[in-house]
Amino acid sequence: MGKRTLVSSWRQYEKLSQSFFNKPDQQEEIIKKLDTLTEKINGNNIGNALFTLFVKPFIGKCKLVDFSNEFSDGIPNWQTKFDEDAFKISIHPLSIFNFIVVLKNIDVPDKTINFIGCRNSSLLTEISKLPSTYILFLMVLQRVAFLLQIAHLEKRGGIIEVAEDESYHTLLWAFKELEAFAKKTYGTNIRAHYGISWYEAEWITGK
């Protein structure tokens, strides 16, 4: 077996996750395999690649990125989370692949009735065109955006106000950082390559 890398590890996660969703009668066995894989990947510090590329340049207080297969009450509703005591970001691969399934089935509400919902859903629909590795990168970058509080605005008197739909703003920031990374690292324009049509100027207001 060749040396374990981030890409090869993610492919293993993807294969097991697909089996998990497609074979309900085998889920308990697959969870055990995910546990074993996660232990091996964390033992090999595979998350260090994500830390170096996407976290270290922005978040000084974070010291580690690892993977989690937490499954006490089913698939958790988070894809990434930050542990303030351990100074680490944890990634839940199965939750990310579940999120990808959700992305493929999003209903976009009427823009004139629900502008905020339409804007967020429209961005997610475009994001769904990305391969799973890029969505992994995107989820890590979005966690960085949350930690940077990019949607927090300071008002008079030092009052902090969070912009409406923080999830949208952090995802948009993450997408722009991903664009820059793909262009610099692979020479790829991800909008052109994956047919992503997204123009922020069209979504500044609900008008």
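The values are calculated or read from the model by the stated rules, or taken from the named source; none is laboratory data. Remember, it's a predicted structure, so these values are computed and weren't measured experimentally. Ideal geometry is used to build each Cβ from the backbone, glycine not excepted, and the neighbour counts take in all protein chains shown.
The table below gives the values:
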item: Matching option when the condition is modelled with pLDDT under 95 and closer than 27 Å to residue 62 by Cβ, among 200, 126, 154; result: 154
item: Qualifying residue in segment 31-42 (condition: in contact with a strand residue (DSSP E or B) (Cβ under 7 Å, 6 or more places away or on another chain), more than 17 Å from residue 133 (Cα to Cα) and basic (Lys, Arg)); result: no
item: Residues (assigned to a helix (DSSP H, G or I) and within 19 Å of residue 15 (Cβ to Cβ)) located in segment 116-136; result: 132, 133, 134, 135, 136
item: Any helices (runs of 4 or more DSSP H) falling wholly within segment 1-112 and containing at least 3 residues that are touching a Phe, Trp or Tyr at 6+ places or on another chain (Cβ under 6 Å) and farther than 26 Å from residue 173 by Cβ; result: 27-43
item: Selection count, segment 37-79, where residues are aliphatic (A, V, I, L, M) and either within 16 Å of residue 3 (Cα to Cα) or loosely packed, with under 14 Cβ neighbours inside 10 Å (or both); result: 4
item: Pairs, first within 19 Å of residue 59 (Cα to Cα) and at pLDDT 90 or above in segment 162-175, second surrounded by 14 or more Cβ atoms within 10 Å (Cβ to Cβ) and among the small types (Gly, Ala, Ser), C-beta under 7 Å, six or more apart; result: 170/145; 170/151; 173/145; 174/145
